[in-house]
Amino acid sequence: METPLANLGSKKLIKKHEFVRVIIQCLYSLGYRKSAVSLESESGISYKSDEFETLESCIRDANWDACIETLNRLNGLTNETRASALFLVLKQWFLEYLNLGEDSLALEILQKKMSGLEVGKDKVHTLAFGLLSLKDLGLDKEDPDGIYNFRKKLLTELEKVLPPPITVPDRRLEYLVEMAVWSQIDKCVFHNSVDDVTLFEDHQCDASQFPSKTIQILSNHVNEVWYVQFSNNGSYLASSSSDNTAIIWKVLDDGKLTQRHELRSHQKPVSFVAWSPDDTMLLTCGNREVLKLWDVETGTCKHTYGDADFIISSCAWFPDSKRFVCGSSDPEKGIYMWDSEGNEIKSWKGTRMPKVLDLAITPDGEKLISIFSDKDIRILNVGTGGERVISEEHPITSLSLSGDGKFFIVNLNSQEIHMWDIAGEWLSPMKFEGHKQHKYVIRSCFGGLDSTFIASGSEDSKVYIWNRRGSKPIKILCGHSMTVNCVSWNPRRPQMLASASDDQTIRVWGPDVRSK
């Protein structure tokens, strides 16, 4: 038999007997019972503590007084934990009396033994109602294994309630290994692929799975390209330009893009596009243009909203793909909600409404986030009408949501990008810097695996990329010859990024295989 008192590891931080216990637990949880029993025998270390084995024996023999006495003797328990464990045991005792038809004894458990416990009264009331029906408590008197199964359930519940070292937290070894792997991933600034994770070596990505090289240049527009956005399924890219057109591009299986439709109907520059969540429709608009709805499959215009006097600056869809909101650069127009048939549903406007620069809807459809010309970010609860306002010190030019809808970023003309949480728990934003922005509308986006990265255009003709954990760029992409206005990361291909520039081109970026 081995001594369990030695410490393991180069730093001697791991207690051997604890390490063996979690290995034995892991073997049991994976179904390797014979191996677990063998390891317990060879090591002399039991997965279950002496205290818990005593409890298990008392429960197996229905020796409830001894079980309660054991719980009361345990050291290191908080009053709340002890009360919770005692309640579980008394509940089992109560149920078994009911099962035997001993209603008076069951009632005595409620009146004399549970009355002093610091547990929720609703739990006791539920048991009291159980006097009327065992089935309401989950116990079927006609089931011969009912009591046995309930005792097994009691042991499982006690394992969750009682703290270490009396018990070992469920799947402890898996949790520890996963946390170790996650810690390495968290320190890996270029991590952008699930395929790279292995237990056989320390994790460290290079830039080989990161968009760092131009893999295609799209030059079908004949003037400055102001906006790009990948569809939600990653199969298409939409672009808009000051040449008064928008283009829908198809992403082929080999990663190349080809023009699918050229959308010609606008009379003035098109500065914004928005995909419906189901990717069947596309909205286009401009700072001096009306709003148009297009069928993605056919490339035909389905509806035009507003008129020459109603100027739309941005728009965003609700998750049902049936409704959307649009914001106007005319302060008197405000924000409108429409359906895809052209019917106005709701509006937010008034003399005090400032010019709307950009807006977004969270994926759950509950929050409307708007950027106003007075440096304010307003987060409106669409259902309740409640509103939260975040004030920035410098003018904001654009807004972008994370894929999970928990965060958003705004570009400021102070050459910073700020990231805020939508829940409102942060007192100040995370800040990213390094790009150039003084005069123009520059747009950024989240992207990569789990939206780990932030990319932005820049007035110095470059694309800047940050890991969300750091304020300095981890990659700067060169290739454009004029201002990069907008970037979009493919939500289904973490290695694909697109950028739109005043040089009249769209660059598609992918991994540089030579960097492996």
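Brief remarks on what is shown
- Taking first residues from the stretch 404-423 that are closer than 15 Å to ILE361 by Cα and partners that are surrounded by fewer than 15 Cβ atoms within 10 Å (Cβ to Cβ) and among the basic types (Lys, Arg), the Cβ contacts under 9 Å between residues at least 6 apart in sequence or on separate chains come to ASP421/LYS406; ILE422/LYS406; ALA423/LYS406.
- Of all residues making up the stretch 441-467, the number that are within 16 Å of ILE371 (Cα to Cα) and either in contact with a helix residue (DSSP H, G or I) (Cβ under 7 Å, 6 or more places away or on another chain) or not hydrophobic (A, V, I, L, M, F, W, C) (or both): 2
- Restricting attention to the stretch 282-294 and to residues that are more than 34 Å from the chain's Cα centre (by Cα) and not hydrophobic (A, V, I, L, M, F, W, C), the residue that is most open to solvent (accessible area, probe 1.4 Å) turns out to be ARG288.
- Output for the stretch 436-451, where each listed residue is part of a loop (DSSP other than H, G, I, E, B), open to solvent by less than 30 Å² (accessible area, probe 1.4 Å) and not small (Gly, Ala, Ser): GLN437, ILE442, ARG443
- Every residue from the stretch 358-390 that is on the phi > 0 side of the Ramachandran plot and over 23 Å from the mean Cα position of the chain (by Cα): LYS375, GLY385
- For the stretch 171-210, a residue qualifies if it is of a type in the set (D, E, K, R) and on the phi < 0 side of the Ramachandran plot, and the qualifying residues are ARG172, GLU174, GLU178, ASP186, LYS187, ASP195, ASP196, GLU201, ASP202, ASP206.
- Restricted to the stretch 339-395, and to residues there that are over 20 Å from ILE409 (Cα atoms) and among the small types (Gly, Ala, Ser), the residue that is most open to solvent (accessible area, probe 1.4 Å) is GLY383.
- Output for the stretch 190-209, where each listed residue is of a type in the set (Val, Ile, Thr) and either within 18 Å of ARG493 (Cα to Cα) or touching a His at 6+ places or on another chain (Cβ under 7 Å) (or both): VAL194, VAL197
- Those residues of the stretch 7-27 which are assigned to a loop (DSSP other than H, G, I, E, B) and open to solvent by less than 60 Å² (accessible area, probe 1.4 Å), in sequence order: GLY9
- Selected residue (criterion: farthest from ILE371 (Cα to Cα)) from residues of the stretch 295-337 that are open to solvent by less than 10 Å² (accessible area, probe 1.4 Å) and more than 30 Å from the chain's Cα centre (by Cα): TYR305
- The requirement of being closer than 23 Å to VAL273 by Cβ and modelled with pLDDT under 90 is not satisfied by SER398.
- Screening the stretch 28-38 for residues that are over 17 Å from ARG172 (Cα atoms) and surrounded by 14 or more Cβ atoms within 10 Å (Cβ to Cβ) and picking the one that is farthest from the chain's Cα centre (by Cα) gives VAL37.
- Pairs are defined by a Cβ separation below 7 Å, a sequence spacing of at least 6 or placement on different chains, a first member in the stretch 469-481 that is among the hydroxyl-bearing types (Ser, Thr, Tyr), and a second member that is open to solvent by less than 40 Å² (accessible area, probe 1.4 Å); the pairs so defined are SER471/PHE432; SER481/SER461; SER481/ASP503.
- Of the residues SER84, SER57, the single one that is open to solvent by 20 Å² or more (accessible area, probe 1.4 Å) and in contact (Cβ under 8 Å) with a residue 60 or more places away in the chain is SER84.
- Qualifying residue in the stretch 40-48 (condition: out of contact with any helix residue (DSSP H, G or I) (no Cβ under 9 Å at 6 or more places or on another chain), open to solvent by 60 Å² or more (accessible area, probe 1.4 Å) and either touching a residue at least 12 places away in the same chain (Cβ under 8 Å) or in a helix (DSSP H, G or I) (or both)): yes
- When the stretch 195-253 is filtered for residues that are of a type in the set (Ser, Thr, Tyr) and open to solvent by 60 Å² or more (accessible area, probe 1.4 Å), only SER219 remains.
- Criterion (within 21 Å of the chain's Cα centre (by Cα), at positive phi and not charged (D, E, K, R)) met by exactly one of SER451, SER488: SER451
- Within the stretch 169-225, tally of residues that are farther than 18 Å from MET496 by Cβ, assigned to a loop (DSSP other than H, G, I, E, B) and among the aromatic types (Phe, Trp, Tyr): 1
- Some residue of the stretch 424-441 being among the hydroxyl-bearing types (Ser, Thr, Tyr) and closer than 19 Å to TRP226 by Cβ: yes
- Contacts under 7 angstrom Cβ, first residue in the stretch 154-168 being part of a loop (DSSP other than H, G, I, E, B), partner modelled with pLDDT of 95 or more and of a type in the set (Val, Ile, Thr), 6 or more apart: VAL168/VAL22
- Only one of the numbered conditions (1) out of contact with any Phe, Trp or Tyr (no Cβ under 7 Å at 6 or more places or on another chain); (2) open to solvent by 50 Å² or more (accessible area, probe 1.4 Å); (3) not aromatic (Phe, Trp, Tyr) is not met by LEU98, and that is (2).
- Residues located in the stretch 216-248, provided they are in contact with a His (Cβ under 9 Å, 6 or more places away or on another chain) and of a type outside the set (D, E, K, R): SER239, SER240, SER241, SER242, ASN244, THR245, ALA246, ILE247, ILE248
The values are calculated or read from the model by the stated rules, or taken from the named source; none is laboratory data. From a predicted model like this one, the values you see are computed outputs, not experimental measurements. Because the Cβ atoms are built from the backbone with ideal geometry, glycine has one as well, and the counts that use them run over all protein chains shown. Side chains included, ligands, DNA and RNA excluded: accessible areas come from the protein's heavy atoms. Shrake-Rupley method; radii C 1.70, N 1.55, O 1.52, S 1.80 Å.
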